[in-house]
Amino acid sequence: MSETVNTCEAQLAGWLRQAFQAAFGEALPDTVAIRVQPSTDTRFGDFQCNDAMQLGKLLRKPPRAVAEAAVQALPLPPMLTKVEVAGPGFINLTVSPAWLAEQVAKLSAAPRFGLPDAGQGRTVIIDYSSPNVAKPMHIGHIRSTVIGNALDRMYRALGYRVIADNHLGDWGTQFGILIQGYRAFLTDEERAGLTVELLERVYVQSYNRTKEEPAWLDACKAELVKLQQGDAENRAIWERFIAISLDEFSRVYRRLGVGFDLCRGESFYNGTLPETVQLLQDKGLAVESEGALVVKLEDEGLPVCIVRKSDGGFNYAATDIATVRSRVAEFAPERIVYVTDERQQLHFKQFFTVCNRLGYTTRLEHVWFGLMRLPEGTFSTRQGNVIKLEALLDEAERRALEIIKAANAEMPEAEQKDLAAAIGIGAIKYADLSHDPQTLIVFTWEKALALDGNSGPYLQYAYARVCSLLDKYAAQVPGVEPLGNALALDEPIEKALVLQLLQFPAAVVRAAEAYKPSILADYLFGLSQTYSSFYQRSPVLKAEPAVRDSRIRLCAMTAQALSEGLGLLGMRTPRRI
Ligand code: ARG
């Protein structure tokens, strides 16, 4: 990975390698990596290196002796004030405040607080949100949308060419049931003012009838065949279902601040399904089994992957395989990332394996998440079992508005409302993103909107507090740009804050690589906590001018990292709350 900023760890590791070389010369194997990481216990140093353990084995010497020989081999460079060997051979490094100040200044001056260009323009397709047409988006889709969008933002920021594709479920047998129901159960008026809610009702009604009445089922199948054969009327009805659904989805996306590069539904690939399945047959991968066409995956310990059902219809797996073919041919992606709930794990394992067998080398990644559980009474509006997403967002904004009104009665109403949207939506996003995706979340308003815990509002508020301090500084010392001030790191808490700021790029890289926005959320929460101890212990505006100017620069850099980081999670950062 190429880095735009040479990290502290890399520079320290470079010096240590020289030290090991000076101590052991030829005997030091080139293959051994010398790595430096932030200290786990800052009482002993700022950074540490544990590689003497490994080297001791290779050099057949006690690790502690190896470490000691290395640290004595070279004079202390200016970046270090102390090097110590501890325990069985850990090397603890204490860096000089001046060097640290220089390092953080580089991050602060670099675009995006020093994020490396890890992607170098390579393409990543992120398939997320992807709700099904004619059904309301449910709570599972909000997680896919929010997690997918955070990954989208992080990968873009890391220099990847991201193609965000909303792979709508807009094709399949449900459309026969829907069209038949649409004709039978709706009044002219309802058809004129069609909504996703009406479509849902019609679907349930029509579906239930297929179970009771074979003739109804046949009629649904006939409508589906007509649609598949391009019948003009059915085609127009189907297009209307999509338009109405997209309209509703777009409202949610707008409120969530989410946008896509592509919105190709399953239907986009429909024409290529026969040739895709033919290819699988030609390569001897797909075989007939009980009338269906399947790919056997016994070697991988997986159940067979059905690609054509016994009634001749192509299915979800066939569509996903055709989609990979199309995406690879059109975009040559380095990887394709899919974000869905955990229940689809088997499907992804199966069709990924089929794609491998077809010879595709594109990295295919399934990012799955556990469901978000909503305790009874979380929502004021509940229809059937489906929690309407819009109701969730409304409720979040309503609750945020109450809090804002109580705290800022004098704020103009329009501003209160805008703030309520930023905080309400931010609270929901953060409640999701602050958890490891692979865990079940029990959502509560108390936690999501808490002002004193690990919550969205807490972080947004921390940012606004720094901004208000910057404003006060601007009033007190007009015309001075805090980021241009000299930086002196005399207090341990100042050094601690800088050490944490320096970890920003690594936190983003780790979060992106692991597909866990929670890693970035944890980092930002930790940063805001360190900032708050710094702020409690070190007066800023009341300090003598040189100290004040240095400290306000620390505040300004914290604001940079917080707004950059929260932005990557898709959260707005109002300057004033
Ligand atoms: N439409 C599916 C659902 O709502 C998700 C699609 C995910 N993407 C994919 N390429 N299979 O569950």
TODO: Please tell me if Tyr160 is within 30 Å of Lys106 (Cβ to Cβ), hydroxyl-bearing (Ser, Thr, Tyr) and either surrounded by fewer than 23 Cβ atoms within 10 Å (Cβ to Cβ) or in contact with a helix residue (DSSP H, G or I) (Cβ under 7 Å, 6 or more places away or on another chain) (or both).
DONE: no
TODO: Would you please name the residue that is nearest to the ligand (Cβ to nearest atom), looking only at residues in the stretch 153-170 that are over 15 Å from Leu256 (Cβ atoms) and assigned to a loop (DSSP other than H, G, I, E, B)?
DONE: His167
TODO: Return a yes/no flag: does the stretch 348-367 have any residue that is under 30 Å from Glu239 (Cβ atoms) and under 25 Å from the mean Cα position of the chain (by Cα).
DONE: yes
TODO: Please work out if Gly45 is on the phi > 0 side of the Ramachandran plot and away from the ligand (no atom under 16 Å from the Cβ).
DONE: yes
Open item on the list: Step by step: first the residues of the stretch 120-152, then only those that are away from the ligand (no atom under 11 Å from the Cβ) and surrounded by fewer than 22 Cβ atoms within 10 Å (Cβ to Cβ), then the one that is modelled with the lowest pLDDT. Which residue is that?
Closed with: Ile139
Task: Complete set of residues in the stretch 433-462 that are among the charged types (D, E, K, R), part of a loop (DSSP other than H, G, I, E, B) and closer than 19 Å to Leu419 by Cα - done: Asp452
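For every residue, the table says whether it meets (1) of a type in the set (S, T, N, Q); (2) surrounded by 18 or more Cβ atoms within 10 Å (Cβ to Cβ); (3) free of Cβ contacts under 8 Å to residues at least 40 places away in the same chain.
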residue: Ala475; (1), (2), (3): no, no, yes
residue: Glu481; (1), (2), (3): no, no, yes
residue: Glu494; (1), (2), (3): no, yes, no
residue: Ala512; (1), (2), (3): no, yes, no
residue: Leu524; (1), (2), (3): no, yes, no
residue: Leu541; (1), (2), (3): no, no, no
residue: Val547; (1), (2), (3): no, no, no
Task: Boolean, Arg325 is surrounded by fewer than 19 Cβ atoms within 10 Å (Cβ to Cβ), of a type in the set (Lys, Arg) and modelled with pLDDT of 90 or more - done: yes
TODO: Name the single residue, out of those in the stretch 171-192 being at pLDDT below 95 and in a loop (DSSP other than H, G, I, E, B), that is surrounded by the fewest Cβ atoms within 10 Å (Cβ to Cβ).
DONE: Thr173
Open item on the list: If I filter the stretch 246-253 for residues that are outside any helix (DSSP H, G or I), of a type in the set (S, T, N, Q) and free of Cβ contacts under 8 Å to residues at least 40 places away in the same chain, do I get at least one hit?
Closed with: no
- [ ] Of the numbered conditions (1) part of a loop (DSSP other than H, G, I, E, B); (2) within 14 Å of the ligand (Cβ to nearest atom); (3) touching a Gly at 6+ places or on another chain (Cβ under 9 Å), Pro116 fails exactly one; give the number of that condition.
- [x] (2)
TODO: Inspect the stretch 67-79 for any residue being touching a residue at least 60 places away in the same chain (Cβ under 8 Å) and either in contact with a helix residue (DSSP H, G or I) (Cβ under 6 Å, 6 or more places away or on another chain) or more than 16 Å from the ligand (Cβ to nearest atom) (or both) and give the result as yes or no.
DONE: yes
Open item on the list: Looking at the stretch 121-145, I want the residues that are touching a residue at least 40 places away in the same chain (Cβ under 8 Å) and among the polar types (S, T, N, Q) and have a partner that is more than 9 Å from the ligand (Cβ to nearest atom) and assigned to a helix (DSSP H, G or I) with Cβ atoms under 7 Å, at least 6 apart or on another chain. Which pairs are those?
Closed with: Thr123/Phe331; Ser129/Thr145; Ser129/Gly148; Thr145/Leu256
Task: Set Leu262, Leu285, Leu297: member being touching a Cys at 6+ places or on another chain (Cβ under 7 Å) and touching a residue at least 12 places away in the same chain (Cβ under 8 Å) - done: Leu297
Task: The lone exception for Asp311 - which of (1) modelled with pLDDT under 95; (2) within 16 Å of the ligand (Cβ to nearest atom) it fails - done: (2)
Task: Residue ID - nearest to Leu293 (Cα to Cα), chosen from residues in the stretch 317-363 that are more than 9 Å from the ligand (Cβ to nearest atom) and among the basic types (Lys, Arg) - done: Arg357
Open item on the list: Looking at the stretch 241-265 only, could you name the residues that are within 19 Å of the chain's Cα centre (by Cα) and at pLDDT below 95?
Closed with: Val252
Task: Residue satisfying condition, being farther than 30 Å from Pro482 by Cα and free of Cβ contacts under 8 Å to residues at least 12 places away in the same chain, within set Gly89, Gly14, Gly56 - done: Gly14
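Matching residues to (1) touching a Cys at 6+ places or on another chain (Cβ under 7 Å); (2) among the charged types (D, E, K, R):
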{"residue": "Pro63", "(1), (2)": "no, no"}
{"residue": "Glu68", "(1), (2)": "no, yes"}
{"residue": "Leu74", "(1), (2)": "no, no"}
{"residue": "Pro78", "(1), (2)": "no, no"}
{"residue": "Thr81", "(1), (2)": "no, no"}
{"residue": "Gly87", "(1), (2)": "no, no"}
{"residue": "Gln103", "(1), (2)": "yes, no"}
{"residue": "Ala110", "(1), (2)": "no, no"}
- [ ] Using the structure shown, decide if Leu279 is away from the ligand (no atom under 14 Å from the Cβ), outside any strand (DSSP E or B) and under 24 Å from His347 (Cβ atoms).
- [x] yes
- [ ] Write out, first by first residue and then by second, each pair whose Cβ atoms fall under 7 Å of each other, whose residues are 6+ apart or on separate chains, and whose first residue, in the stretch 401-412, is touching a residue at least 12 places away in the same chain (Cβ under 8 Å) while the second is acidic (Asp, Glu).
- [x] none
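The values are calculated or read from the model by the stated rules, or taken from the named source; none is laboratory data. This structure is a prediction, so every number in the text was calculated from the model and none was measured. All Cβ positions, even for glycine, are placed from backbone atoms using ideal geometry, and neighbour counts span all protein chains on display.
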